[in-house]
1. With the calculation restricted to Cα positions, what are the radius of gyration and Dmax of the range 35-113 in angstrom?
2. Once you place label points 7 Å from the Cα toward the Cβ at Lys86 and Arg66, how far apart are they in nm?
3. Please state the relative contact order of the range 9-113 as a whole percent: Cα pairs under 8 Å, 6+ residues apart?
4. Which percentage, to the nearest 5, of the DSSP beta bridges contained in the chain is antiparallel?
5. Report the residue, chosen from Asp89, Asp61, Asp72, that carries the largest GNM mean-square fluctuation when the chain is represented by alpha-carbon nodes joined by springs under 10 Å.
6. Separation of the range 82-104 and the range 42-73 by C-alpha centroid, Å?
7. How much accessible area per residue does the chain have, in Å², with a 1.4 Å probe?
8. What is the Cα convex hull volume of the range 1-84 when expressed per residue in Å³?
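The values are calculated or read from the model by the stated rules, or taken from the named source; none is laboratory data. This one's a predicted model, so the numbers in the text were calculated from it and none came from an experiment. In this analysis, Cβ positions are derived from the backbone assuming ideal geometry, glycine residues included, and neighbour counts consider all displayed protein chains. For accessibility, only protein heavy atoms count, side chains too; no ligands or nucleic acids. Shrake-Rupley method; radii C 1.70, N 1.55, O 1.52, S 1.80 Å.
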Amino acid sequence: QVQLVESGGGLVQPGGSLRLSCAASGSSFSLYVMGWYRQAPGKQRELVATIAGDGRTTYADSMKGRFTISRDNAKNTVYLQMNSLKPEDTAVYYCTRRPGGYWGQGTQVTVSS
């Protein structure tokens, strides 16, 4: 059974930064596309960014330039560096793995003064 465990969420002031981590169990981590999604209260879950095993990345338009996804295949970990955070970035952030449709339990990010 694959497990994805997110960490790094918390409360941050507007303009601040956070780095989320997602540790994945299982083997052949580098073969999978890893991603981050988020869900704000009362809103649908939305894509934040994805990263392929070779490092190719995609981003939602609203995150480009502020968020950076990266991975360390030796550590089976994917990261999301979030800068210039805004109150509208407040959400639960989820890590995913494709194929397989695996999701982590989520980590709360709250941007507030």
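1. 12.4, 39
2. Going by the 7 Å Cα→Cβ label model, 0.5 nm.
3. Values: 227 pairs, mean separation 39.1, N = 105.
The value is 37 percent.
4. Details: 36 of 39 bridges.
Taking every DSSP beta bridge with both residues in the chain, the antiparallel ones total about 90 percent.
5. Asp61
6. Spelled out, the Cα-based centre of one part sits 8 Å from the other.
7. Values: 5900 Å² over 113 residues.
It amounts to 52 Å² per residue over the chain.
8. Working: hull volume 8.9 nm³, N = 84.
Taking only Cα atoms, the range 1-84 has a hull volume of 106 Å³ per residue.
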